[in-house]
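Enquirer: Pasting in a structure now, in structure tokens, and then I'll have a few things to ask.
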Amino acid sequence: MKRWISLLLCACLTLSLLPAWAEEGDAADAEAPVKEVHTEAPEPEPEPEPEPEPDPEPEPDPTEAPTQVPTEAPADEPTEVPMDAPTEAPGQEPADTPSAAPDETPSATETPAPSTTPAPGYEAWTEADGEKVTGTLEEMVALAAPQAKIYIATEKTVKVRDAKLRDVAKLTFLPDPRVFTQGDEQVFVYAEDPDKVDMPTEIDLKECAESEGEMDLFFRVESVGEDEETTPAPDGTPEPAETPEPTEEPAIEIAVTARDYDPARWTSVAPTFELRGLPDIEGYSYIYTRDEERIYTLEGDTFSPDEDGVYTLCFAIQDEWGDIVSISRYYTVKLDYTEPAVSVEVNEDTGLDMMIEAQDNQSGVRALSLDGGSSWISLGDEPTATFGRTYASATTLYAGQIMVLDAAGNVFISEEDVVLKPVASEGGGGGGSGSGEGDGTTKKAVSHGKGTGTDEGLYDQVEVETATGAEHQLTLGGETLQLTLDLAEAEGFDIPQGYQAKFLTDLRSWPVEGMAVRTDDTVVLTAVPEPELTGDHEYQWHFNGEVLKLLGNSGISYLVLRIGDDVIALPTGGFTGGTKYTELKMSGVSTRKFDYTVSMSYAHQGCAFALSVNVDGEEYALPLSATGEMYAYDVYTGTADLLERPYDTLGNDRETEEEQ
């Protein structure tokens, strides 16, 4: 009916324009176009009833004449009818016509619009410091504080890359009410892009509150109401009534609660996955896949993996036909239930050298303890690790003292005692063919010679109390020891006769990983700078084997000699090895006859270290490598930051001039 009225109105408007044409031309020219327009007009053809009515009513009522009889009215009186029509038709009919048509047309087109308003130029917004902040959803997630609300303002699927699950779980995601106006929209989170996957895995952020993992998340606003059912109602009432049936199948949704689960770390504690959502329908069951290779049916509603390795798990519900009804997201586990394989060997040539080798091909070897777990030495999380140590005297590591920890938390615990004691005789050739580079892998222990009677038994201990000022010769506890510092050479500086270089003495504790408090076990001697030294020069430290023995018996494990920022660290338990050293010791040469010199030379290239020993007038160089007839091992050189790292993890930062 509206279409019929609009056609008549259009015809009326046409007639109202005819007088203007007639005035500009002659009457004959005006009649032709009027007839052609009305004879070709399709309005009266669909319904023939209005055709007979216009005959009696065209003249008395020009308003109704054009709406019902557009054809005959201009044919009978083309001159009079157009003259009367323009004054009334434009004032009544055209004024009503546009007001009705525009009002109804926009209202019809705007009816579906309230469901979604055109999205703004940003994906999401939130409030920060009392102000509205807009941008991408990924930016809002990074910006928002815990417990903040983030409003999504786009109908598109939005991806947040590498989202930290624990942080995202603290946020609330809502549809922007100014964009989504139906009132039944919700934000859904998926593990896959729902635009590319038929059945994306939905993520319940509440279950991720304790997770340390990261993953890509896909956010999309979706309607969950029944508007879609009422929309097709004009097409047929039965169809909306049957629509809820397919929605009942998605209602069967699997939910997974993961306990003791952390995808970012190795663990020896099996995570437990608790499953929910299985309907009380015969034939339905839980299943899971491992690396998507096979499908396994679960008995019950909990699952704990029991295989070592890195792999992914996915859970699902299947119906009686074996079809998947609902699936969970993927869970990556890193499991290692096996303790490291550990071997302990004692060097039979010395009896005091111990080597520990540990291997763990899954999570890697992390740490070693030699005191039953009270302190730990880092091994770096590598698949294999070796550790060597030389003891100054007889030592027994009882069962349970040696422990090795892997990255998953598995612990190896020794079940046998490891006894280290010096051998009665070294056979004269020990150490000559040894290998290693000062890292403790080959150890040659210092043993007291026989025949002089001066080295038998322990030396007297000294009080570990240092002098209050600078000194030329070491004094501990009021006892003077045979250790001095000399300025051997100095370019541009005339060393006065009787000149004595001096040093300061300090006691400190060398750090041991895993132990917060330790007793003082290190003596640090720091040279007092000579202000007139401007050119190349060399300092020399002199001490004998007796000093090392006294320090060791007094609880001092390390002697550190320092000039400026350069240091050399020596173990008081002994650092000399080689075939010649063994020969001398076995022939009865006393420890106090081994006079050591440590040279620290300064030139354009910085500090160069050199060690040597004089025995009965014979000079021997001691390179820092296990080669030659005599050498030094477990001696470390470098800058003062060596003192901040555990001694057993040190390595030589520099080479001596002899090595170069």
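Enquirer: For the residue pair ASP371 and THR136, what label-to-label distance in nm results when each label sits 7 Å from Cα along the Cα-to-beta-carbon direction?
Expert: 5.2
Enquirer: Here is a follow-up. Once R0 is set to 60 Å, what does the formula 1/(1 + (r/R0)^6) return for the Cβ-Cβ distance between THR332 and LYS502, expressed as a FRET efficiency to the nearest 0.05?
Expert: 0.40
Enquirer: What percentages make up the Cα-Cα pair-distance distribution of region 260-349 when the bins are 5 Å wide from 0?
Expert: Each 5 Å bin holds this share of Cα pairs: 3, 12, 21, 19, 14, 9, 6, 4, 3, 3, 2, 2, 1, 1, 0.
Enquirer: Loop only per DSSP, at most 13 neighbouring Cβ atoms within 10 Å: give me the chymotrypsin sites (Phe, Trp or Tyr not before Pro) in region 255-356, ordered by residue number.
Expert: TRP321
Enquirer: State in Å² the accessible area per residue of region 142-204; use a 1.4 Å probe, count heavy atoms of protein chains only, and round to the nearest integer.
Expert: On a per-residue basis, region 142-204 sits at 56 Å².
Enquirer: Give me the distance in nm between label points sitting 7 Å out from Cα along the Cα-to-Cβ direction at ASP494 and ASP167, one decimal.
Expert: 7.0
Enquirer: May I ask you to compute the full-extension gain from VAL411 to THR302, defined as 0.36 nm times their residue separation minus their alpha-carbon distance, rounded to one decimal in nm?
Expert: Separation in residues times 0.36 nm, less the Cα-Cα distance, equals 36.5 nm.
Enquirer: Provide the FRET efficiency to the nearest 0.05 for the SER343-ALA399 pair, computing r from the beta carbons and using R0 = 22 Å.
Expert: 0.90
Enquirer: Oh, and also: In the full protein assembly as shown, how much of VAL418 is accessible to a 1.4 Å probe, in Å² to the nearest 10?
Expert: 20
Enquirer: Separate question: What FRET efficiency comes out for GLU629 versus HIS542 if R0 is 25 angstrom and r is the Cβ-Cβ distance? Round to the nearest 0.05.
Expert: Efficiency, rounded to the nearest 0.05: 0.65.
Enquirer: Of the accessible area of region 543-645, with the probe set at 1.4 angstrom, what percent is carbon plus sulfur?
Expert: 45
Enquirer: Please work out the Kirkwood hydrodynamic radius for region 248-400, using every pair of different C-alpha atoms, and report it in angstroms with one decimal place.
Expert: One decimal place: 19.1 Å for the Kirkwood radius.
Enquirer: Something else about it: List residues of region 298-335, by number, whose backbone nitrogen lies under 16 Å from a label position 7 Å along Cα→C-beta of ALA251.
Expert: 326
Enquirer: Scaled to the compact-protein estimate 2.2 N^0.38 Å, what is the alpha-carbon radius of gyration of region 114-224, rounded to two decimal places?
Expert: 1.02
Enquirer: Another question, if that's okay. Which of the GluC sites (Glu not before Pro) found in region 313-358 are in a DSSP loop and have at most 13 neighbouring Cβ atoms, other than their own, within 10 Å?
Expert: Sites meeting the loop and neighbour criteria: GLU320, GLU348.
Enquirer: Karplus couplings for region 358-364 from phi (6.51 cos²θ - 1.76 cosθ + 1.60, θ = phi - 60°), rounded to Hz, Gly and Pro as x?
Expert: Whole-Hz 3J(HN,Hα) from phi for region 358-364: 10, 9, 8, 7, 8, 8, x.
Enquirer: Give me the accessible area per residue for region 283-393, probe 1.4 Å, as a whole number in Å².
Expert: 49
Enquirer: Leaving out ligands and nucleic acids, and using a 1.4 Å probe, what accessible area per residue does region 500-620 come to in Å²?
Expert: With all protein chains present, region 500-620 gives 39 Å² per residue.
Enquirer: If you plug each phi of region 319-333 into the Karplus form 6.51 cos²θ - 1.76 cosθ + 1.60 with θ = phi - 60°, what whole-Hz ³J(HN,Hα) values come out, in order, with x for Gly and Pro?
Expert: 8, 5, 8, x, 7, 7, 9, 8, 10, 9, 7, 8, 10, 9, 10
Enquirer: Can I ask one more? Going down the list LYS170/LYS196; LYS196/LYS334; LYS502/LYS549; LYS156/LYS334, which pairs span over 25 Å between their C-alpha atoms?
Expert: Checking Cα-Cα distances, LYS170/LYS196; LYS196/LYS334; LYS156/LYS334 exceed 25 Å.
Enquirer: With a point put 7 Å past each Cα toward its Cβ, work out how far LYS149 is from VAL423 in nm, to one decimal.
Expert: Here the modelled spin labels are 8.1 nm apart.
The values are calculated or read from the model by the stated rules, or taken from the named source; none is laboratory data. Small disclaimer: the values here were computed from a predicted structure and weren't measured. For neighbour counting, all protein chains shown are included, and Cβ atoms are generated from backbone atoms with ideal geometry for every residue, glycine included. Quick note on the areas: whole protein, heavy atoms, side chains included, nothing else; ligands and nucleic acids left out. Shrake-Rupley method; radii C 1.70, N 1.55, O 1.52, S 1.80 Å.
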